[in-house]
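J.: There's a structure below that I have some questions on.
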Amino acid sequence: MSDPVTTQTGTPSGKGRRLKFHILRFNPQLPGDTPRMQTFEVEEQSGMTIFIALNEIRERQDPSLQFDFVCRAGICGSCGMVINGRPDLACRTLTAKFTDGEITLLPLPAFELIGDLSVNTGKFMREMSERIESWIHGEGSKECNYNILEERMDPDLAEAIYELDRCIECGCCISACGTKRMREDFLGAVGFMHVARFRLDTRDNRTDDDWYEIIGDDDGVFGCMSLMGCEDTCPKDLPHQTQIAFLRRKMVMVK
Ligand code: SF4
Ligand code: F3S
Ligand code: FES
């Protein structure tokens, strides 16, 4: 007899189901390799996540399967992939959520493909951080001033900054954004969340005129078409809609 568990969605499910994983396989480093779908079957266990299933596939069926993970706890942001059409974290997604037992996995679009389900979000995030100079600018300096990091801060402000600091740079918001697909240099929601965070921080002396130089065009906040895929898919439930609308209003007021 199966061992029923109640999932996040309230769907009763248990171990013993045969899950079918349809996974995109492609190694761009391998001469002549072409993208194809490959199906693996896995016996479901209680509390199984996509991450656990992928590990089982790699250990028992195909050691060449590529995917990324570090923390297994929704913290590092490295296990993002498209799960049945929706960008999400593999380590936080229960297989029990998929009642028909059919699960299709694709790599996150908009990032350089390393192989199979592994993409290079690090390169994208580094370029984004350099573009918005993702560090505190103090006292007329473009360099980080470590002394001001020690200054006292109002607890409410610290809380508001912390709320935006919860971004784990997983790339789900970028992959869910239609504008990013059409406009290669579009900064994207993760960049806007970082800008909103630094704009809020009173230790950063950049003005709205300075921010306008960075996000005041169609590759910045004016390119956003309010598609809201970012807000729908962010595993940290960051307030994309509110923050992007706020930034847009502020940038309109600059000119
Ligand atoms: Fe991931 Fe949300 Fe950060 Fe985007 S804003 S990178 S979806 S945590
Ligand atoms: Fe893209 Fe989010 Fe704007 S999905 S278009 S950045 S609202
Ligand atoms: Fe770190 Fe999933 S492995 S967020």
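The values are calculated or read from the model by the stated rules, or taken from the named source; none is laboratory data. Because the structure is predicted, anything quoted here is derived from the model rather than measured. Because the Cβ atoms are built from the backbone with ideal geometry, glycine has one as well, and the counts that use them run over all protein chains shown. What goes into the accessible areas is simple: the full protein's heavy atoms, side chains included, and nothing from ligands, DNA or RNA. Shrake-Rupley method; radii C 1.70, N 1.55, O 1.52, S 1.80 Å.
J.: Going by what's in this entry, would Ile174 be described as at pLDDT 95 or above, more than 13 Å from ligand 1 (Cβ to nearest atom), in a helix (DSSP H, G or I) and of a type in the set (A, V, I, L, M, F, W, C)?
T.: Taking the combined requirement at face value, the residue does not satisfy it.
J.: In this structure, is Asp68 in contact with a Ser or Thr (Cβ under 7 Å, 6 or more places away or on another chain), acidic (Asp, Glu) and within 30 Å of Gln45 (Cβ to Cβ)?
T.: Yes, satisfied.
J.: Let me ask another. From the set of residues in segment 234-253 that are closer than 20 Å to Gly216 by Cα, within 13 Å of ligand 2 (Cβ to nearest atom) and out of contact with any Asp or Glu (no Cβ under 8 Å at 6 or more places or on another chain), which is most open to solvent (accessible area, probe 1.4 Å)?
T.: Thr242
J.: Working carefully through the options Leu94, Leu108, Leu117, find the one that is within 16 Å of ligand 2 (Cβ to nearest atom) and not charged (D, E, K, R).
T.: One residue alone meets the criteria, Leu108.
J.: For segment 195-202, does any single residue satisfy the condition of being within 16 Å of ligand 3 (Cβ to nearest atom), closer than 19 Å to Ile168 by Cβ and open to solvent by 20 Å² or more (accessible area, probe 1.4 Å)?
T.: no
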